[in-house]
Each structure stands twice: as structure tokens, then as C-alpha cells.
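The values are calculated or read from the model by the stated rules, or taken from the named source; none is laboratory data. This is a predicted model, so every value here is computed, not measured. Note that we place each Cβ from the backbone using ideal geometry, even for glycine, and neighbour counts take in every protein chain shown. Accessible surface is based on the protein model in full, side chains and every heavy atom, while ligands, DNA and RNA are left aside. Shrake-Rupley method; radii C 1.70, N 1.55, O 1.52, S 1.80 Å.
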2 protein chains.
Amino acid sequence: MVVDRRKMIVDAATNSFSQFGFKATTMDQVAKIANVGKGTIYTFFSTKEELFDEITNSLIKEMKIAAEEAIDETLTFQENVHRALYRILEFRLEHQLTIKLFQEGREMRTPAAMEVIERIEKAILNFIKDKIVKAINKGEIQRCDPELTSFVMLKLYVALIFDWEKNHEPLSKEKIAKVLEQYIFEGLSK
Amino acid sequence: MVVDRRKMIVDAATNSFSQFGFKATTMDQVAKIANVGKGTIYTFFSTKEELFDEITNSLIKEMKIAAEEAIDETLTFQENVHRALYRILEFRLEHQLTIKLFQEGREMRTPAAMEVIERIEKAILNFIKDKIVKAINKGEIQRCDPELTSFVMLKLYVALIFDWEKNHEPLSKEKIAKVLEQYIFEGLSK
DNA sequence: TTTTGACCAAATGTCCAAATTAGTCAGTAA
DNA sequence: TTACTGACTAATTTGGACATTTGGTCAAAA
């Protein structure tokens, strides 16, 4: 194997999806960038969707690794959840592919893009759910429904980072941590 | 004044906007339903948007009244916030006009519909913010940023009522109250 | 056996004429 | 004079004929 054609294709497609999104990326274009015949792509991937899936699955794996790296076992559950969630949402802003995909899902409603967004959200929820289950077993937090708790945490995070910005000055990382602590971990009551 | 033409127009328009939404409602249609010439509409409202605004402002006022009615001064702040927010979101499901508008905003991105949705959201936020300020002054809850707190509460509510349903069995009213209490008012930590 | 690009059907985009629509205003009715 | 009307207009939207592009195939080349 002189050149890894599969890798060439995946790299070309990653570039194109990142720059133009799913819909505006054509198989002809990918073939040209990858320096292969279009037919070659179809010896590795049977549809455009399958090629896209391979790339987005890598993306999700990368996100998981980034989140896992943000966690520091010597810190508390609270701090770790904050670090992991913040890292994941930061990841979204750093990676052209996620930016493009979220934009495409929002603005053009491309089904393939929307499906990936859902897969990403589910992966994040599972990640947090897992951390919650472990924290419950270690007695670090109160018994609670992990499914519901991870859902509440993610929604709150996304709201504080992305929705709040639409009408207010962005919240700093520290402010977000404080808000999370105040509401989820402490409660408002006197 | 034998017949109140203005009222005829507003009633006709309310019906049409509720059934067909903003874009699919034509001024000819409103005139026909209201039994007036089209020109008459323009003696009361100078544009289609202005007619729409009058109707949506009434809607928001109605929502405020419904929310205010849900509040019982003898209950705690927590219970009242829950009752008011739940009532407002219930209102959305009961009133054809809000259903249609949210659908039109989501699916067709009609600017007029999206602006109303934003106005509704702001009205809800102001309503809760006001209740929070009062509760702080009465010493019922901890000192906190009312803007941020109302934002967090609304986002959490909408997530629990509308977003949770997309992948799970709907939560009962009582369950939602419990979740709110557990997270916002009590906190998770041991 | 692996790779290729010309080829195909289907999906998408491009026109443009015809239809629809928000808003006007000269005229009618009261 | 005043309140109301609907035919009219300019601008936008729609529908559909036609052209282009695109995902996917496959016979031939390497």
C-alpha cells in the first residue's frame, strides 16, 4: 500500500464537510481533493451518509477524549462536571466541523446535520449520566435520577453559554460555575 | 355605531391567525370574514403587522392574567413560581394562536411569528423576575440576580416540559414541581 | 484485483409568466 | 361631510418547463 486511499478520502471529506457542511459537499469534490476516482470512495463507503457517519463518529470520540481529559479525579464531582461540560461546549466553538454542522442544522435544517447534532447531544448526556451514577455510588451526591439530572445539567449549561448570549453579555467561565453551584448543587431556599 | 367594525376585524383576524398563522392569513380574507371592505381595515391599522401586534399584545395580556390568577398569596414562593410557570406553558398548549405561532416560527421561520415568540418569552421573564425581586425583599429566598434566576427557571421549565418529551415519557406536573424543588430550591449536594 | 471516470436517474436549481398579496385611493353611500 | 368600499397597482410569490448538478453504478483500464 503506497498511499492510504481510505485515509486520503476521509481527510478530504473532513475538510470539505468542515468548510462547506454536509449538503454543499459533493462526492466529486471529495474525490478531487483526495486525488482518487469517485468510484474509489464507494469501495470504502456505500453512501455519502456512511462517509459522513465515519467522520462524525470520530468527532464524537474526540469530544469524549477531550471531556475525559478535563476531568481530574482529585477534584469534586461538581468541579469535574463543570470542567467536562465546559470543555465539551468549548470544543464546539473550536472545531470548524461542529460549528458548521450546528449552523447547517439550525439554518438549513439539513436532516443529516440534525441527526449528528442529536447524536452528539446523546453522547454528552451518556457521558454525564455515567459520571452521575459513579458519584452516587461513591456517595458524593444525593440519590437522583441520572437520566433526568444529566438532562437538566446539559440544558442549563447550553442555556447559560449559548442562549444567555443572545440578549446579555456572555457569562465568564467562573460565573457559570458559580451559577451551576448555586442552583444545582446548593439551591435557592433559605 | 351600529356594528363595531374594529372588533369585527380584530375577531376575524384572530380567528384567521389562529387557524392559518401570520403568513397564510391574507388581508382580503380578514376583510371577508369580518364583513368589511379591505380599506376599512386600513382605517384602524396601518399595516398587517400592526393588526397582528394588537392581537398578540392581547394574547400576552391574557397570559399575564392567567399567570397572575395561578398565584395564591398564601403559598410559598416556590409553589407560586411553579404554579405560574406551569399555567403559562399550559396556556401555550390550550390556545390555538400560540400553538400556530410557535409552529410557524419553528417550521417556516416567519419573522413576524419569531418576534412574537421573543416578546412572549420576554414577558414571561419579566413576570418571574418581578416575583423574584418581591420574594427577595420579603426575605423568602436568598439574594440572587433576578435576571439570571428567572432565565434559569424558564429555561429549565421549557426543557422539562417541551424538550424532555422528545425522547422520554412526559413528566407529570407533580414530578416537574419535584425536580424544580430538588434542583433550584434545594440543590444536589450532600 | 483495484481503481477509474463516463454515464444515468433523480434531485436540485433557474427562469419567467401567471397568480397572489399588502396597501392605496377615487368614488359611493349614508 | 364622513365612513366605508373594492377595483387597482406595485411588489412579491408561485408553478412548472427546462437546464444543471449530484449521488451512485459499472464496464473498462491499470
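One residue stands out among those in region A:10-30 that are more than 9 Å from DNA strand D (Cβ to nearest atom) and without any contact (Cβ under 8 Å) to a residue 24 or more places away in the chain: the one that is most open to solvent (accessible area, probe 1.4 Å), which is A:Asn15. Of the residues making up region A:124-131, not a single one is of a type outside the set (A, V, I, L, M), at the interface with another protein chain (Cβ under 8 Å from one of its Cβ atoms) and out of contact with any Phe, Trp or Tyr (no Cβ under 9 Å at 6 or more places or on another chain).
Residues checked against (1) of a type in the set (Asp, Glu); (2) farther than 19 Å from A:Ile128 by Cβ:
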site: A:Ser46; (1), (2): no, yes
site: A:Thr74; (1), (2): no, yes
site: A:Phe77; (1), (2): no, no
site: A:Leu85; (1), (2): no, no
site: A:Glu104; (1), (2): yes, yes
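The condition of being crowded, with 16+ Cβ neighbours inside 10 Å, under 20 Å from the mean Cα position of the chain (by Cα) and among the aromatic types (Phe, Trp, Tyr) holds for only one of A:Phe77, A:Phe52, that being A:Phe52.
Only residues that are of a type in the set (D, E, K, R) and either touching a residue at least 60 places away in the same chain (Cβ under 8 Å) or within 9 Å of another protein chain (Cβ to nearest Cβ) (or both): list them for region A:151-165, please. Before you say what the answer is, go through the steps one by one.
Pass one, region A:151-165, residues of a type in the set (D, E, K, R): A:155, A:163, A:165.
The answer is A:Lys155, A:Asp163.
Report yes if B:Glu115 is open to solvent by 40 Å² or more (accessible area, probe 1.4 Å), more than 13 Å from chain A (Cβ to nearest Cβ) and in a helix (DSSP H, G or I), otherwise no. Yes.
Yes or no, residue by residue, for (1) surrounded by fewer than 17 Cβ atoms within 10 Å (Cβ to Cβ); (2) not acidic (Asp, Glu):
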site: A:Glu121; (1), (2): yes, no
site: A:Asn137; (1), (2): yes, yes
site: A:Leu156; (1), (2): no, yes
site: A:Val179; (1), (2): no, yes
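Across region A:33-57, the qualifying residues are those that are over 16 Å from A:Lys7 (Cβ atoms) and either of a type in the set (S, T, N, Q) or more than 11 Å from DNA strand D (Cβ to nearest atom) (or both), and the one among them that is farthest from the other protein chains (Cβ to nearest Cβ) is A:Ser46. Summed over region A:31-47, residues that are open to solvent by less than 60 Å² (accessible area, probe 1.4 Å), within 9 Å of DNA strand C (Cβ to nearest atom) and part of a loop (DSSP other than H, G, I, E, B) total 2. The set of residues from region A:91-110 being over 15 Å from A:Ala13 (Cα atoms), touching a Phe, Trp or Tyr at 6+ places or on another chain (Cβ under 8 Å) and assigned to a helix (DSSP H, G or I) comprises A:Arg92, A:Glu104.
Does B:Ser18 meet the test of being near DNA strand C (Cβ under 9 Å from one of its atoms) and either part of a helix (DSSP H, G or I) or away from every other protein chain (no Cβ under 14 Å) (or both)?
Values: near DNA strand C (Cβ under 9 Å from one of its atoms): no; either part of a helix (DSSP H, G or I) or away from every other protein chain (no Cβ under 14 Å) (or both): yes.
When the stated conditions are applied, B:Ser18 does not pass them.
Restricting to region B:82-110, give me the number of residues that are within 14 Å of chain A (Cβ to nearest Cβ), open to solvent by 10 Å² or more (accessible area, probe 1.4 Å) and of a type outside the set (Lys, Arg). Going through region B:82-110 one residue at a time, the tally reaches 3.
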